[in-house]
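Below is one structure, written out as structure tokens; comments come after it.
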Amino acid sequence: MKIDLSGNTKIATRDSYGNALVEIGKEHPELVVLDADLAGATKTSTFKKAFPERHIDCGIAEADMMGIAAGLATCGKVPFASSFAMFAAGRAYEQVRNSIAHTGLNVKVAATHAGISVGEDGATHQCVEDLALMRVIPKMTVLSPADDVEARAAIWAAFRHDGPVYIRLGRLAVPVIYDEAEYKFEIGKGIVLREGTDLTIIATGLEVYESLMAAEKLAEEGISAEVINIHTIKPLDEELIAKSAAKTGKVVTVEEHSLIGGLYGAVCESLAKNAPTKVLGIGVEDRYGKSGSAKALIKEFGLDAEGIYNKIKAFI
Amino acid sequence: MDNKKLELTANEVRKGIVSAVHAAKAGHPGGSLSSADILTYLYFEEMKNIDPADPKRPDRDRFVLSKGHAAPVLYSTLAERGYFPKEDLLTLRRIDSYLQGHPDMEKVPGVDMSTGSLGQGFSTAVGMALAGKMDGADYRVYAVMGDGEIQEGQIWEAAMFAGSRKLDNLVAIVDNNGLQIDGKISDVCDPNPIDKKFEAFNFHVIHADAHDFDSIRKAFDEARATKGMPSAIIAKSVKGKGVSYMENNAGWHGKAPSDEEYQQAMSELEMK
């Protein structure tokens, strides 16, 4: 698989979201998009420009937005409800749980501004708990794409999937690593981006690129890291993870999310059952984010390639 | 259906409620009995294109029991209307029954939305009404909520949206029995004046007697004739209506009658 590590093209996955919505909207009149007064930031404004009659701004009322989306779904619409991760997964948690997921309704919750890479807005707006919150809900599918190509494919896959889906998207422009022509997205299937024998790095979201860069650095020292992109947190590709863990005997997870309940939690739960392995979790410790530029925060939290490299060196 | 027939039907619905809650040894009889006449009117007179043989007919009017704990009244009304056998009411809340403690749209034919967590059902009804408007469809959407339930902030988020969007295919019905689990709504956290609140949210407000079919008919006719804004019917009701010892008693919010109490309730209802 062709992977571009140049970092020459950067696109935020929230932009991918807005663009994918327009693509889907052209073919599917049943697509409707809801927002809670953040259309400019979530990029549903892109869809609004193309299809104003199918864009529903619910005002600053996320709980109500989730209920409206559920009601629309019972009438044959395919609603994408959008807000920041903090408010979609956090504030409206119980509406997502009871009105959308328990009912099994065909609603997609697309949450932008996930993680500390929100940047300057600081802790109140930096949701590092959303994967944990959404993953624990029965019937929910949880997606966490790594770049623009994968994000657009994930939005399409979510649209085609019958049932509730949570999609984690970011504010920060991140390197496009995939080649669109050969990329294939399948819900629940992890992607081996680099084969290795000494350890397995399992990453999600923007940490996929950082992990690949860390693996490059490790390779210079003769350390062979396998890198797996887990774009679907639930259902988790347990088979692929167990196979790689059995091969390398050492696993590292990398995520821009709390170390409690997210990718680290999911991988550990799976390995404990299928292939007990020592696992190093790299993510946000049990703490809140803070203000600062996204780049500076990622560095300070040890989630850039260098931070990942250092932690792996200490681990192996 | 004339008033006499509606009254007899509502009485059957009440018997079903009492029997189901008695059999389950748990459930919510008070708020079920207070909305029995409203649901009877909706399912036997008001709602169009509903069909027990085709519960998901796309052009049907929709109903959301936002006060989902009153599941027994919804189940009893649906059973009376022919959606499923009346004897199934006696399986309410049992481990092998499809009649869950709160309505489940995936399990019960005729239930248009799963509810139970207060405040959420009304938003989903607003979503259904919005879908109808977007599609130029003729169906109408009805949501019954409790007067305690409207303490939930989400109700007012939904009301603001419905008023703002002028959803005149939506009717909010407040079962105004004045009681909630912890006592009088006016003592716990007073939501009054309810009418002025809905007016302020750009609803056409109608007052009705929840146990008088002339009044109920007039209210729904007025709502249907109202264009350019949603309607809210404030239906003054008696919690536990029809069973003497349950009436106006918050203690019967979520409690089942004993065998003796059950016999008394059924004999009172038989006499009607």
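Please treat every number below as a calculation from the coordinates, not as lab data. The structure displayed is predicted, hence computed values, not measured ones. Positions of Cβ are generated from backbone atoms using ideal geometry, with glycine treated the same way; all protein chains shown enter the neighbour counts.
Residues whose amide H lies under 5 Å from that of B:Val64, counting only those 5 or more places away or on a different chain, are B:Tyr142, B:Ala143, B:Val144; hydrogens are built 1.01 Å from N in the peptide plane. Going by neighbour counts of Cβ atoms within 10 Å, the residues B:His69, B:His207 line up, fewest first, as B:His207, B:His69. Scanning residues 5 or more positions from A:Leu34 or on other chains, those with amide H under 5 Å from its amide H are A:Ile56, A:Phe80, A:Ala81, A:Ser82, with H placed 1.01 Å from N in the peptide plane.
The residues B:His102, B:His28, when put in order of fewest to most other Cβ atoms within 10 Å, stand as B:His102, B:His28. Annotation: amide H of A:Lys250 within the under-5 Å range of A:Thr200, sequence separation 5 or more or interchain, hydrogens built in the peptide plane. Compute the acute angle (0 to 90°) between the alpha-carbon long axis of helix A:148-160 and the principal axis of greatest extent of the alpha-carbon atoms of chain A; round to the nearest 10°. Helix A:148-160 sits roughly 50 degrees off the main axis of chain A. When both bridge partners sit in chain B, DSSP labels roughly 10% of those beta bridges antiparallel.
Placing +1 on each Lys and Arg Cβ and -1 on each Asp and Glu Cβ, with no other charges, gives the protein assembly as shown a dipole about its Cα centre of roughly 220 debye.
Sequentially through the range A:283-290, phi angles give Karplus couplings (6.51, -1.76, 1.60; θ = phi - 60°) of x, 8, 4, 5, 7, 8, x, 6 Hz, Gly and Pro residues having no value and appearing as x.
Quick one: order A:Tyr93, A:Tyr178, A:Tyr309 by neighbouring beta-carbon count within 10 Å, fewest to most.
A:Tyr93, A:Tyr309, A:Tyr178
Chymotrypsin sites (Phe, Trp or Tyr not before Pro), restricted to the range B:131-165: which are DSSP loop and have at most 10 other Cβ atoms within 10 Å? Listed in order of number, the matching sites amount to none.
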